[in-house]
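In what follows, a single structure is set out as structure tokens and then discussed.
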Amino acid sequence: MRRRSLLTAVAAGGLGALAAAAPASASPVGRRVLHVRPGDRVQDAVDAVTGPGWTIVVHPGTYREVVNIPAGAKDLTLRGATRDPRAAVIVYDNANGTPRPDGSGTYGTAGSATFTSAAPGLTVRNLTLANDWLRADHPEITGTQAVAAYVTGDRSYFERVRLLAHQDTLFADTSALDAFDRHCYRDCYIEGDVDFVFGRATAVFERCHFHTLDRDVAFKPEGMVFAPATARANPYGFLAVRSRVTSGAEDGAYKIARPWVPSYETTAWPSLVVRETELGPGIDAVAPYTNMREAYPWQTMRFREYANTGPGAVITVPENRPQLTVGESALHTPATYLRGWRPGA
């Protein structure tokens, strides 16, 4: 998929040319609302936030920039001006191996993110967040992770948001190794190829659409949807519920998940539950899980399914598809994962 086709996808709806970075003319409207329009920079509006509870409204357009929301911007709302998430697009093209302009090395995985937030109580609605870096354009770079959104901070809520990239699209993480930060992604569209939903957050994906891209590679699998890195002490990792997985690749080309045990936290015990979700034919129904490293086999992780449907959910080899019991399913719901937090209420 070339950059032109990706930008056409993210800008569907007649957005026109990319908006050039320019000094923000965002100005307060009312007491705690900032508006950003083409020609402005979203980051300038973020920098103008002076305390908790602000709202930034992003008007239709394509904003080619990196956005970083600091931890001090508590309870910030960032939303598109319309309900169509395709109308307002924030996009950039850094990768893990992209050299920093100051010569201090490369960006690294987290540093490659187009959108980064450490703010507790963040709400994002009706936006597209994208990283349009492409492997084919940079054969000299081996660090091909290119993150659309890197999110830490408790009570991070995304609703009707499109997250587009290839490898490592959404880094759903925590603010510290001993933090159990809660995220909720509701009615979102998330697209990618390798490990494109990953991290250590307690994250609920409710009514989300995951789409796997076709990769021009000779090997299988082409990629994995999830790569959780849940802390051992955390009873809850990733939960996908009432969602669906579609694919632009051939049948059976993708795995549901593989466990990520980071080198900086080798005690991690990845947790993933996929329940009441439609798994399309792009998922390998015979062997839907695989290993990232042989030292941490997926069979020893907390991977479970429950009441899934579709050709990718057919159980042909039971030992390859661990299932929750009816009793266990009552413990793996959005309410138990979010522990009293009611996002969007």
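The values are calculated or read from the model by the stated rules, or taken from the named source; none is laboratory data. Remember, it's a predicted structure, so these values are computed and weren't measured experimentally. When we count neighbours, we look across all protein chains shown, and the Cβ atoms used for this are built from the backbone with ideal geometry, even at glycine.
Structure data summary
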{"read-out": "Positions within region 24-34 being at pLDDT 95 or above and crowded, with 19+ Cβ neighbours inside 10 Å, in sequence order", "value": "L34"}
{"read-out": "In region 86-144, residue surrounded by the most Cβ atoms within 10 Å (Cβ to Cβ) [restricted to those that are within 18 Å of D193 (Cα to Cα) and acidic (D, E)]", "value": "D132"}
{"read-out": "Which numbered condition A176 fails, given (1) free of Cβ contacts under 8 Å to residues at least 24 places away in the same chain; (2) buried (at least 24 other Cβ atoms within 10 Å of the Cβ)", "value": "(2)"}
{"read-out": "Residue under evaluation D47, criteria (1) assigned to a helix (DSSP H, G or I); (2) within 16 Å of A146 (Cβ to Cβ), criterion not met", "value": "(2)"}
{"read-out": "Residue within region 137-156 that is small (G, A, S), in a loop (DSSP other than H, G, I, E, B) and on the phi > 0 side of the Ramachandran plot present", "value": "yes"}
{"read-out": "Scope region 198-216; condition polar (S, T, N, Q) and either more than 14 Å from L272 (Cα to Cα) or out of contact with any Leu (no Cβ under 9 Å at 6 or more places or on another chain) (or both); matching residues", "value": "T212"}
{"read-out": "Qualifying residue in region 251-274 (condition: of a type in the set (D, E) and closer than 20 Å to L163 by Cβ)", "value": "no"}
{"read-out": "Some residue of region 173-181 being part of a strand (DSSP E or B) and charged (D, E, K, R)", "value": "no"}
{"read-out": "Matching residues in region 229-252 - criterion: being surrounded by 23 or more Cβ atoms within 10 Å (Cβ to Cβ) and free of Cβ contacts under 8 Å to residues at least 60 places away in the same chain", "value": "A229, A240, S243, S247"}
{"read-out": "Residue ID - surrounded by the fewest Cβ atoms within 10 Å (Cβ to Cβ), chosen from residues in region 323-345 that are on the phi < 0 side of the Ramachandran plot and of a type in the set (G, A, S)", "value": "A345"}
{"read-out": "Residue tally, condition assigned to a loop (DSSP other than H, G, I, E, B), closer than 26 Å to Y157 by Cα and among the hydroxyl-bearing types (S, T, Y), over region 323-345", "value": "1"}
{"read-out": "Given (1) free of Cβ contacts under 8 Å to residues at least 40 places away in the same chain; (2) basic (K, R); (3) surrounded by fewer than 20 Cβ atoms within 10 Å (Cβ to Cβ), number of the condition R275 does not satisfy", "value": "(1)"}
{"read-out": "Residues of region 40-66 classified as more than 13 Å from T123 (Cβ to Cβ) and in contact with a Ser or Thr (Cβ under 7 Å, 6 or more places away or on another chain), total", "value": "3"}
{"read-out": "Those residues of region 61-77 which are closer than 24 Å to W133 by Cβ and over 20 Å from the mean Cα position of the chain (by Cα), in sequence order", "value": "G61"}
{"read-out": "Number of positions in region 278-322 that are outside any loop (DSSP other than H, G, I, E, B) and either surrounded by 15 or more Cβ atoms within 10 Å (Cβ to Cβ) or modelled with pLDDT under 95 (or both)", "value": "13"}
{"read-out": "Number of the condition not met by A218 [criteria: (1) over 22 Å from P52 (Cα atoms); (2) touching a Ser or Thr at 6+ places or on another chain (Cβ under 7 Å); (3) hydrophobic (A, V, I, L, M, F, W, C)]", "value": "(2)"}
{"read-out": "Positions within region 110-129 being in contact with a strand residue (DSSP E or B) (Cβ under 7 Å, 6 or more places away or on another chain), under 20 Å from R64 (Cα atoms) and outside any loop (DSSP other than H, G, I, E, B), in sequence order", "value": "A110, F115, T116, S117, V124, R125, T128, L129"}
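For (1) under 16 Å from the mean Cα position of the chain (by Cα); (2) at pLDDT 95 or above; (3) not basic (K, R), each residue gets a yes or a no:
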| position | (1), (2), (3) |
| --- | --- |
| R83 | no, yes, no |
| G111 | yes, yes, yes |
| V124 | yes, yes, yes |
| L134 | no, yes, yes |
| G143 | no, yes, yes |
| T152 | yes, yes, yes |
| E159 | yes, yes, yes |
| H166 | yes, yes, yes |
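Conditions (1) small (G, A, S); (2) in contact (Cβ under 8 Å) with a residue 24 or more places away in the chain; (3) under 19 Å from V204 (Cβ atoms), marked per residue:
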site	(1), (2), (3)
Y254	no, yes, no
W260	no, yes, yes
T309	no, yes, no
G327	yes, no, no
T333	no, yes, yes
R342	no, no, yes
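Rundown of residues vs (1) at pLDDT below 95; (2) touching a Leu at 6+ places or on another chain (Cβ under 8 Å), yes/no style:
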residue: R162; (1), (2): no, yes
residue: H183; (1), (2): no, no
residue: F196; (1), (2): no, yes
residue: A218; (1), (2): yes, no
